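Note sheet for the following structure.
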Amino acid sequence: MTGIERRQEILRVLEEAAVAVNAAALAERCDVTRQIIVADIALLRAAGYAIRSEHRGYIMERSATSGVTEQLVCRHDKAGMQDEFYTIVDNGGKILDVQVEHSIYGQLSGQLNISSRFDADEFMRRASEVNSALLSDLTDGVHIHTVQTPDETVMERIRTGLRAKGILVEND
């Protein structure tokens, strides 16, 4: 398989995938190393393909779905992260990303795409395994989540739940 054929295969797999596909699975499918897949993804992105990296692998950006998307400002310590995730997903939301405002670098963000307790638990497990700092550690726990819901009623349920737990930061 040539490089062009391999990248076409990667695009085909990602376009058909409903969930993120990790580099190791793509490497095995294409009979190359993981590093070659990482380089191929970089080339595909440079060519204009909207491929997003997640903690579970790569996924093609899909066009925006109907519903409500809102940025919620939150604050909690590390122990409150799981409660925050569960409050959002149990009420019907999907956490697309996390953002912080850094004094030197400006806005820093990371893709999350957490839509279930399973996703939340996997993120928590991975965060504890790699023992890496969270973005919110840089800002004393203050961070912004982009949350997507099917409608405004679901978004209000999420806001109410986060507010009740003292997680939601609001302008007074």
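The values are calculated or read from the model by the stated rules, or taken from the named source; none is laboratory data. Please read all numbers here as calculations on a predicted model, not as lab measurements. Counting neighbours? That spans all protein chains shown, and the Cβs are built from the backbone with ideal geometry, glycine included. We work out accessible area using only protein heavy atoms, side chains counted, and drop any ligands, DNA or RNA first. Shrake-Rupley method; radii C 1.70, N 1.55, O 1.52, S 1.80 Å.
What the table below lists for this structure:
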{"item": "Selection status of Ile59, in contact with a Phe, Trp or Tyr (Cβ under 9 Å, 6 or more places away or on another chain), outside any loop (DSSP other than H, G, I, E, B), open to solvent by less than 30 Å² (accessible area, probe 1.4 Å) and within 17 Å of Gln111 (Cα to Cα)", "result": "no"}
{"item": "Segments classed as helices (runs of 4 or more DSSP H), wholly inside the stretch 79-172, with at least 3 members that are under 21 Å from Arg52 (Cα atoms)", "result": "117-130"}
{"item": "Neighbours by Cβ (under 8 Å, 6+ apart or cross-chain): first from the stretch 113-128, more than 19 Å from Ile144 (Cα to Cα); second charged (D, E, K, R)", "result": "Arg117/Asp90; Glu122/Arg56"}
{"item": "Members of the stretch 20-38 found to be touching a helix residue (DSSP H, G or I) at 6+ places or on another chain (Cβ under 7 Å) and farther than 15 Å from Glu5 by Cα, listed by number", "result": "Val21, Ala23, Ala24, Thr33, Arg34, Val38"}
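Residue by residue, here is whether (1) open to solvent by less than 70 Å² (accessible area, probe 1.4 Å); (2) assigned to a helix (DSSP H, G or I); (3) over 24 Å from Glu122 (Cβ atoms) holds:
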residue: Arg6; (1), (2), (3): yes, yes, yes
residue: Leu14; (1), (2), (3): yes, yes, no
residue: Val19; (1), (2), (3): no, no, no
residue: Val32; (1), (2), (3): yes, no, yes
residue: Ile37; (1), (2), (3): yes, yes, no
residue: Arg45; (1), (2), (3): no, yes, yes
